[in-house]
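Colleague: Dropping a structure here in structure tokens format, bear with me for questions.
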Amino acid sequence: VFHTVLTARPYDVHMVCKIDLTGDLLGAKAGDAVELKIIDYPRHGVPLKAQVVRVLGSGSSAQVQLRALLEGHGIREDFPEDALAEAESLPGAVREEDLAGRFDARGLSAFTIDGEDAKDFDDAVSLEKTEDGAWELGVHIADVSYYVRRGGAIDREALARGTSVYLPGLTVPMLPEALCNGLCSLRPDVDRLTLSVFLRLQDGVVISHRLTPAVIHSRRLSPRRRYR
């Protein structure tokens, strides 16, 4: 009687132990990337035993390899239902009541400084010549704190994630889509809430500054279009 033991190779090169698979393979084929559950830890003369709990796909696929990398580091792509529900309850655009107490900087020629291939647009600048010949540089950051309630579902999930994760062709954001690509994305031609600092410059020296909640209207700069 011959018994064939199927084995798996870990993605983590620092794991050098042999892994024997047991139970249903869930249709996994040789070369597939799979998520495993440890059944028995290795000990002297006995390899680690594990069971397939999910088949990710062909191990030769770049997208599958990226997702295996995320799984290996405990980075989840999906948001919990309570965080998604909280995001869905937010308005789809800046409302008039959101402007109370904010400096109206929509008349400034503000534009994002993120590159063409950036995954998010949360930084913008503006530069205006003042009547006395100085310059006023505005630095505008998306006011995420206005929408994310401290201790709420989105806040808890953002704290757990710590940061957005950027991989080739794959982004795992820290905030739900309604925020990271919506209300907190300083896209052109829409109003957005910001925390802004205005630096007054004279001969290249900062002579004064002010920090204030604001609302801006970012403008896209292109070779064919100039903004007054």
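The values are calculated or read from the model by the stated rules, or taken from the named source; none is laboratory data. Computed from a predicted structure; not experimentally measured. For neighbour counting, all protein chains shown are included, and Cβ atoms are generated from backbone atoms with ideal geometry for every residue, glycine included. Heavy atoms of the whole protein, side chains included, go into the accessibility calculation; ligands, DNA and RNA do not. Shrake-Rupley method; radii C 1.70, N 1.55, O 1.52, S 1.80 Å.
Colleague: Looking only at residues that are more than 25 Å from residue 76 (Cα to Cα) and of a type in the set (A, V, I, L, M, F, W, C) in region 39-54, which one is nearest to the chain's Cα centre (by Cα)?
Modeller: It comes out as 48.
Colleague: Within region 111-118, is even one residue over 14 Å from the mean Cα position of the chain (by Cα), among the β-branched types (Val, Ile, Thr) and open to solvent by less than 50 Å² (accessible area, probe 1.4 Å)?
Modeller: Within region 111-118, one or more residues are over 14 Å from the mean Cα position of the chain (by Cα), among the β-branched types (Val, Ile, Thr) and open to solvent by less than 50 Å² (accessible area, probe 1.4 Å).
Colleague: Filter region 38-86 down to residues that are outside any strand (DSSP E or B) and at positive phi, then give me how many there are.
Modeller: Of the residues in that region, 2 qualify.
Colleague: Within region 144-180, how many residues are open to solvent by 70 Å² or more (accessible area, probe 1.4 Å) and not small (Gly, Ala, Ser)?
Modeller: Residues that pass the stated criteria total 9.
Colleague: May I ask you to list the residues in region 39-65 that are surrounded by 15 or more Cβ atoms within 10 Å (Cβ to Cβ) and touching a Pro at 6+ places or on another chain (Cβ under 9 Å)?
Modeller: 48, 49
Colleague: Same structure, new question: With the condition kept exactly as written, say whether any residue in region 78-87 is within 30 Å of residue 19 (Cβ to Cβ) and open to solvent by 60 Å² or more (accessible area, probe 1.4 Å).
Modeller: Checking region 78-87: at least one residue is within 30 Å of residue 19 (Cβ to Cβ) and open to solvent by 60 Å² or more (accessible area, probe 1.4 Å).
Colleague: Only one residue in 218, 185, 196 is at pLDDT below 95 and in contact with a strand residue (DSSP E or B) (Cβ under 6 Å, 6 or more places away or on another chain). Which one?
Modeller: Working: 185 fails: in contact with a strand residue (DSSP E or B) (Cβ under 6 Å, 6 or more places away or on another chain); 196 fails: at pLDDT below 95.
That would be 218, the only listed residue that is at pLDDT below 95 and in contact with a strand residue (DSSP E or B) (Cβ under 6 Å, 6 or more places away or on another chain).
Colleague: So if I check each of 108, 26, 36, which one is over 26 Å from the mean Cα position of the chain (by Cα), exposed (fewer than 15 other Cβ atoms within 10 Å of the Cβ) and either of a type in the set (S, T, N, Q) or more than 25 Å from residue 158 (Cβ to Cβ) (or both)?
Modeller: Every option except 26 fails the conditions.
Colleague: Considering only region 123-179, state which residues are touching a strand residue (DSSP E or B) at 6+ places or on another chain (Cβ under 7 Å) and among the aromatic types (Phe, Trp, Tyr).
Modeller: Of everything in region 123-179, those that are touching a strand residue (DSSP E or B) at 6+ places or on another chain (Cβ under 7 Å) and among the aromatic types (Phe, Trp, Tyr) turn out to be 135, 146.
Colleague: Now for a separate question. Consider only pairs whose beta carbons are under 7 Å apart and that are at least six residues apart or on different chains; among these, list those whose first residue lies in region 132-143 and is within 15 Å of residue 111 (Cβ to Cβ) and whose second residue is of a type in the set (Val, Ile, Thr) and open to solvent by less than 10 Å² (accessible area, probe 1.4 Å).
Modeller: Taking only residues 6 or more apart or on different chains, the pairs are 140/194; 140/216; 141/194; 142/194.
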